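Have a look at the structure that comes next, please.
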Amino acid sequence: MVLMLIKTAKASLIYVLTIVCILFGAHLSFAAGDKITYPQKEWSFSGITGTFDRASQQRGLQVYKEVCSGCHGLRLLAYRNLKAIGYKDNEVKAFAAENSVNAIDDEGEIIERSARPSDKFVSPYPNIQSARAANGGAYPPDLSLIVKARSDGANYLHALLTGYVEAPSEKKVPDGMYYNKYYSGNLIGMPQPLYEDGVTYADGTKATQEQMAKDVTAFLAWASEPELEERKKTGIAVILFLLVLTTLSYFAMKKIWAPIKNREI
Ligand code: HEC
């Protein structure tokens with residue numbers, strides 16, 4: 001009897017530990033190994049119940065469009081994907097039509113036509129070489145997956161965009177490089193992109209550097225992981241299901257074994 005109790009306690013402990021590891025394991029593994037630490041911001045999309053903030057995403061799209069898209073592409077996103085962050089069909093159509101793409105006409109000639117919702121975001125440069133040539137040799141990476149590609153991606157991106165400060169006097173900053181306290185090595189080939197009132201938000205929000213950095217990060221976090229909300233919803237449903245199943249199995253086990261446990265030996 002005592003042995004059984006110990007066994008049950010052990011099994012429950014392992015179960016609870018497994019669930020704790022699943023829930024928090026990812027966070028622990030990210031904490032190790034980072035040298036530069038970034039300010040930890042509150043993101044509506046972090047945590048197990050996180051969702052995106054639509055208004056912030058839409059402002060972020062505006063920042064991307066008016067500031068970042070001059071140098072950075074977003075080639076994995078199609079214009080029609082913007083419907084997921086609250087745009088209507090006609091808005092998406094109009095937004096796509098502001099860009100033009102190469103196409104082939106009936107005679108096989110290459111022509112230019114305006115982009116359609118099904119087209120991917122048009123990149124500012126036709127290839128890596130021309131991107132480098134226009135940026136003093138530095139390559140502005142495509143931003144489609146940047147939030148996932150960097151560890152602690154959202155906080156990193158936010159820190160990078162707000163991390164331009166005066167270089168310390170002993171640090172030499174070569175021409176075409178800029179000092180950023182959060183970039184590894186501190187010298188980056190990207191000039192400071194965000195200045196107060198750099199954009200005029202359509203919804204009237206004050207465009208401080210901090211606000212723009214938060215919004216464009218929220219937008220790019222979604223671009224990196226559009227299925228985040230769906231994934232979290234499924235995760236919660238699965239955990240609830242497992243909890244119910246565990247409880248049911250426990251009581252079923254008790255009932256099934258009751259006659260044997262109560263048997264006189
Ligand atoms: C004038 C062109 C220009 C603009 C505008 C610009 N960038 Fe960049 N960006 C660059 C270049 C060039 C690099 C590569 C820097 C390097 O390799 O040193 C870069 C690099 C980056 C990186 C990669 C950093 C890393 O960890 O490797 C991110 C993220 C980034 N930019 C985000 C943005 C965002 C977001 C915006 C808009 C708010 C923006 N950039 C606007 C030129 C630009």
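Every read-out reported here was derived from the displayed coordinates using simple, explicitly stated rules and does not represent laboratory data. All figures in this text were calculated on a predicted structure; none of them were measured in a lab. Here the Cβ positions follow ideal geometry from the backbone for every residue, glycine too, while neighbour counts run over all protein chains shown.
Let me check against my output: what whole-number percent is the relative contact order of the chain, with C-alpha pairs under 8 Å and at least 6 apart?
22
Most fluctuating residue of A84, A223, A55 in a GNM of the chain with Cα springs under 10 Å: which is it?
A84
In Å, the Kirkwood hydrodynamic radius of segment 62-128 over pairs of distinct alpha carbons?
The Cα-based Kirkwood calculation yields 12.8 Å.
Let's test the formula: R0 of 35 Å, r as the Cβ-Cβ distance of D105 and D175. What FRET efficiency results, to the nearest 0.05?
Values: r = 45 Å, r/R0 = 1.28.
Approximately 0.20, to the nearest 0.05.
Another one. Out of residues 5 or more away from S100 or on other chains, whose amide H comes under 5 Å of its own, with H placed 1.01 Å from N in the peptide plane?
Amide H neighbours of S100, under 5 Å, 5+ apart: A115.
Along the charge dipole of segment 93-159, which of N102, L145, L157 sits closest to the positive end, that is, farthest toward it, with unit charges on the beta carbon of Lys, Arg, Asp and Glu (+1, +1, -1, -1)?
Going by the charge dipole, the pick is L157.
Oh, and also: Could you give me D for segment 182-249, from Stokes-Einstein at 25 °C and 0.890 mPa s, where the hydrodynamic radius is the Kirkwood radius over C-alpha pairs? Units µm² s⁻¹, please.
D = 154 µm²/s.
Enumerate the calculated ³J(HN,Hα) couplings along segment 126-139 in order (Karplus 6.51 cos²θ - 1.76 cosθ + 1.60, θ = phi - 60°), each rounded to whole Hz, writing x wherever the residue is Gly or Pro.
Listing the rounded values in order: x, 7, 4, 4, 5, 5, 5, 4, 7, 10, x, x, 8, 9 Hz.
Further question on the same structure: If R₀ is 51 angstrom, what is the calculated FRET efficiency for the pair A138 and L242, using the beta carbon separation as r and rounding to 0.05?
It comes out at approximately 0.60.
Step through the residues of segment 226-236 one at a time and calculate ³J(HN,Hα) from phi using the Karplus curve (6.51 cos²θ - 1.76 cosθ + 1.60, θ = phi - 60°), rounding each to whole Hz and writing x for Gly and Pro.
Per residue, the Karplus-derived 3J(HN,Hα) values read x, 8, 3, 5, 4, 4, 5, 4, 4, x, 5 Hz.
Still on this structure: One quarter of the convex hull surface, Cα atoms only: what value does that give for segment 111-188 in nm²?
7.4
Report the Cα-based extents of the chain along its three principal axes, largest first, to the nearest Å.
Computed over the chain, the largest-to-smallest principal extents equal 89, 61, 39 Å.
Here is a further query. Along the charge dipole of the chain, pointing to its positive end and built from +1/-1 on Cβ of Lys, Arg, Asp and Glu, which listed residue (T200, Q57, A258) has its Cα farthest out?
A258
Here's something else I'd like to know. Can you compute the charge dipole magnitude of the chain about its Cα centre, using +1 on each Lys and Arg Cβ and -1 on each Asp and Glu Cβ, nothing else charged? Give it in debye, rounded to the nearest 20.
The dipole of the chain has a size of about 1700 debye.
Going by a ≥ b ≥ c, the root eigenvalues of the Cα gyration tensor, does segment 84-220 fall in the rounded group (a/c under 1.5), the prolate group (a/b larger than b/c) or the oblate group?
Oblate, because a/c is 1.5 or more while a/b does not exceed b/c.
For segment 35-159, rounded, prolate or oblate, judged on the Cα gyration tensor with a ≥ b ≥ c (square roots of eigenvalues), a/c < 1.5 rounded, else prolate if a/b > b/c?
oblate
Now a separate question. From the phi angles alone, apply the Karplus equation (6.51, -1.76, 1.60; θ = phi - 60°) to segment 142-159 and give each ³J(HN,Hα) in whole Hz, x where the residue is Gly or Pro.
Computed from phi, the couplings for segment 142-159 are 5, 9, 3, 10, 4, 5, 7, 6, 10, 6, 6, x, 5, 5, 5, 4, 4, 5 Hz.
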